[in-house]
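Let me begin by presenting the structure, written as structure tokens, before commenting on it.
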Amino acid sequence: MTVLLLIIAPDVGRVSYLDSLNAYMERAALENGVDADILKAIAWVASRYHHRQCPSIYGSVGLMDIRDFSLPAPSLSIRVVCDGNEVILQGVKGYLASSWSASVDYAARLLSLYLEQCGGDLACALEKYGGPLFAGDVLRVYRNGLRHLIPIEPHPHVVIPRLSETSLYDADCSPQPQFEFVDAFVPADPSNYTDASRPSDYPISYVIIHTTQGSYSGAISWFQNPDANVSAHYVIRSSDGESTQMVCHNDIAWHAGNWDYNTWSVGIEHEGYVEENGWYTDSLYASSARIAAALSRVYGFAADRSHIIGHYEVPGATHTDPGPFWDWPLYMAYVNGRQISDTLVDELDAGFVRFGTYDSWWFDTTGYSGHFLWTYAWTGQRDNWAVWNPILPFPGWYEVRAYIPAMDSTLSFVRYLIVGMQGTTQVWIDQEAHKGEWVVLDTVAFEAGAYGYVVLTDTTSDPSRAYQVVIFDAITFSYVGPFEGCSDRVVDDANPGWIAQGSWSLSSYSGYAGDYHYAYTYSRDSALYNPAITCPGGYHLRAWVRKSSNRTTQARYRIGTVDGDTIVFLNQYSPVMDTGWLDMGTFCLDSTSSVTLYSDAPDGDVVISDAIEFAYDSTFSCSGSVAVGEVERSLVVRPGADGSIRIISPVRRPLDVRIFDVEGRAILERRMMLHPGENLLVLRLRSGVYILRLDGKSYRWIVIR
């Protein structure tokens, strides 16, 4: 597997191509009077910037997902091989398939025409281009922006319109999805599936995994086309895992290419292309796996690889989907529930999260637990990185170790960041020198719970190691012993103590520990810093800010102290780049204390959210009695992957539980009796961040994934 992945991995030529494509799109947009970011968003949604000569399942060709061939254009005839068969593309289709530049030029002209027909209404023009679902996907990328070699600036004021009500085909199940966590129900045309009464007439025993060979919106539209003669029960979107049901479970979708397997299975289509890496995101895996796991429980078949299979595994299949880029070990880990560990976090566990561009992530089926992830090292800006976030049972010192698999390829010299109670520690490791070994990174002080973590980036300080492999595998946190006294701590942006509300964007410039976030001053966003103080007393606060000329002079921070809230304004403006710490003052803090930064400001364009340092000051006198509550010392709280909360108590005792969302709205109040050991609090919380208050005394921040 390693050799195969190295052969098909992207090279420097891909980077050069994307640079050329970016420049060409800028020029085509200018010549046709359209927004370049819209052209880029269309290409990203349609093809992830891959130019294809083979038509998609619904007939579109080229880089830009062209479906309307009515504009005048040169006529060409070209021969291409698609799925092993020779196909002749003629006329405008042949021209569009001939080069990516032809596709971009034609798309820019088409978009300009649609904008003219729609009186400048962008949503209307995009709906003409690819339909309402396609328009929504493109506008979502346009609004949020994209951090990529082809960058798309965020346009936060763009409104994604609600889809207009359309007539639905008759369906013999509810017009709502059969699972409440599925996002939408859009019935396929009745001519594309068979009415049935499963499981009474046919048992449901399989889930079959497919790849759309097209976009999410295009697949949905195709299954609604009465000429398609094909359908699936579900379609999953790549970017965020949005799911649409199209055929009821009791009916037989036409997807397997084998009638018996059609009758026995539920088909799930996943947006993407078999021959391209990058479409199968963690969000897509998680959404699909939740459906597969629910189907196995409802219909009583095992959630294993004998019953959850790829299209290529169907007897007599002529298809290869989902292909070599489908990560089966990771997908099955999602199906069976990614576990949370207090000592070891593997890349298949719930405590591991990866970031960056998915077309630069690869996997192998060796390493710890038979799986690891890898990417390439760079000497410049960080592109891909990952976080290991354990839920530790005790406060104290932990030895942190990383496993480096014995990969055949040369490995790189890379940087691990360990974030604990005393701030961030950087450790550079030569992975080449530790193949097949556990290597000690450092011994670090952590709090109990999910407040500490390890980050590995694709950055190398050795230019000779650029383009070499960076390995992401298991990390252990071994308890060494307790620590004494009070210590300093730093809460950086994007770590578990930093909780963003609204549209905070990641900057490409460097900040504390590598990056920072920003929000526009006209927005009403906020970012909360939770230092999880376990030693109440005086703390001197400083904020790390990269100053510049577009910053506000009045960034507003609200500091929650023992004596109430205090408002502090900091000047983030400077006519030149000026990075460093800004003093905020010394305050009395306890376990309930936090700092909130607001983006609205009377001047400047942006507000910067980066690290805040909480430095313990034993000389500062705090009036009154400040003590850690007995609840804080005795209970261990662990959020479960299923939205539940597990509370570990050493004794039998009553407990008042209140849960709030991050905006302070009460969600749950409950009086429960704890018994010694683990106590399960069953909830139905969506993924997100919540505030847990125990016995009216102590707050804890919990994250439900």
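The values are calculated or read from the model by the stated rules, or taken from the named source; none is laboratory data. None of these values were measured; they are calculated from a predicted model. Note that each Cβ is placed from the backbone with ideal geometry, even for glycine, and that neighbours are counted across all protein chains shown.
Things to note:
- Pairs with Cβ under 6 Å, 6+ apart, first in segment 375-396 and assigned by TED's automatic domain parsing to the domain that holds V419 and crowded, with 20+ Cβ neighbours inside 10 Å, second modelled with pLDDT under 75 and assigned to a strand (DSSP E or B): I391/R638
- The criterion of being of a type in the set (S, T, N, Q), crowded, with 20+ Cβ neighbours inside 10 Å and at pLDDT 85 or above does not hold for T320.
- Residues that are part of a strand (DSSP E or B) and over 30 Å from A448 (Cβ atoms), drawn from segment 508-523: Y518, A519, Y520
- Qualifying positions in segment 186-197 - assigned to a strand (DSSP E or B) and crowded, with 18+ Cβ neighbours inside 10 Å: Y193
- Residue match in segment 425-433 (condition: of a type in the set (D, E, K, R), out of contact with any Lys or Arg (no Cβ under 7 Å at 6 or more places or on another chain), buried (at least 19 other Cβ atoms within 10 Å of the Cβ) and outside the structural domain of R646 (by TED's automatic domain parsing)): no
- The set of residues in segment 112-142 being among the acidic types (D, E) and closer than 23 Å to Y58 by Cα consists of E127, D137.
- Residues in segment 320-339 that are over 11 Å from I209 (Cβ atoms) and not hydrophobic (A, V, I, L, M, F, W, C): T320, P324, D327, P329, Y334, N336, G337, R338, Q339.
This table checks each residue for (1) closer than 24 Å to P531 by Cβ; (2) in contact with a Phe, Trp or Tyr (Cβ under 9 Å, 6 or more places away or on another chain); (3) of a type in the set (D, E, K, R).
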position: V387; (1), (2), (3): yes, yes, no
position: L392; (1), (2), (3): yes, yes, no
position: Y398; (1), (2), (3): yes, yes, no
position: A402; (1), (2), (3): no, yes, no
position: S412; (1), (2), (3): no, yes, no
position: Q422; (1), (2), (3): yes, no, no
position: Q426; (1), (2), (3): yes, yes, no
position: I429; (1), (2), (3): no, yes, no
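- Among the residues of segment 198-255, those identified as surrounded by fewer than 22 Cβ atoms within 10 Å (Cβ to Cβ) and either of a type in the set (D, E, K, R) or not assigned by TED's automatic domain parsing to the domain that holds E313 (or both) are R198, D201, D227, D240, E242, D251.
- Within segment 372-405, the residues that satisfy the criterion of being closer than 29 Å to W44 by Cα and not aromatic (F, W, Y) are L373, T375, A377, T379, G380, Q381, R382, D383, N384, A386, V387.
- Qualifying residue in segment 323-332 (condition: surrounded by fewer than 20 Cβ atoms within 10 Å (Cβ to Cβ) and over 19 Å from A292 (Cα atoms)): yes
- Only one of A97, A108 that is touching a Lys or Arg at 6+ places or on another chain (Cβ under 8 Å), over 17 Å from V159 (Cα atoms) and either surrounded by fewer than 21 Cβ atoms within 10 Å (Cβ to Cβ) or in the same structural domain as S60 (by TED's automatic domain parsing) (or both): A97
- Scanning segment 503-524 turns up no residue that is modelled with pLDDT of 80 or more, under 19 Å from the mean Cα position of the chain (by Cα), of a type outside the set (K, R) and assigned by TED's automatic domain parsing to the domain that holds F446.
- Failed condition for Y261, given (1) buried (at least 23 other Cβ atoms within 10 Å of the Cβ); (2) out of contact with any strand residue (DSSP E or B) (no Cβ under 6 Å at 6 or more places or on another chain): (1)
- Exactly one residue out of D488, D473 is within 28 Å of the chain's Cα centre (by Cα) and either over 24 Å from G356 (Cα atoms) or crowded, with 19+ Cβ neighbours inside 10 Å (or both), and it is D473.
- Members of segment 392-418 that are in a strand (DSSP E or B) and touching a helix residue (DSSP H, G or I) at 6+ places or on another chain (Cβ under 8 Å): Y403, I404, L411, F413, V414, L417
- The criterion of at least 2 residues that are farther than 12 Å from Y106 by Cβ and either touching a helix residue (DSSP H, G or I) at 6+ places or on another chain (Cβ under 8 Å) or modelled with pLDDT of 85 or more (or both) is met by the following helices (runs of 4 or more DSSP H) wholly inside segment 1-93: 12-32, 36-47.
- Residue ID - nearest to the chain's Cα centre (by Cα), chosen from residues in segment 443-470 that are assigned to a loop (DSSP other than H, G, I, E, B) and closer than 16 Å to V414 by Cβ: D458
- When D349 is tested against (1) touching a residue at least 40 places away in the same chain (Cβ under 8 Å); (2) crowded, with 18+ Cβ neighbours inside 10 Å; (3) not basic (K, R), exactly one condition is not met: (1).
- If you filter segment 20-65 down to residues that are β-branched (V, I, T) and in contact with an Asp or Glu (Cβ under 9 Å, 6 or more places away or on another chain), you find that the one that is farthest from G84 (Cα to Cα) is I42.
- Conditions (1) under 19 Å from D349 (Cα atoms); (2) modelled with pLDDT of 90 or more; (3) of a type outside the set (S, T, Y): number failed by H434: (1)
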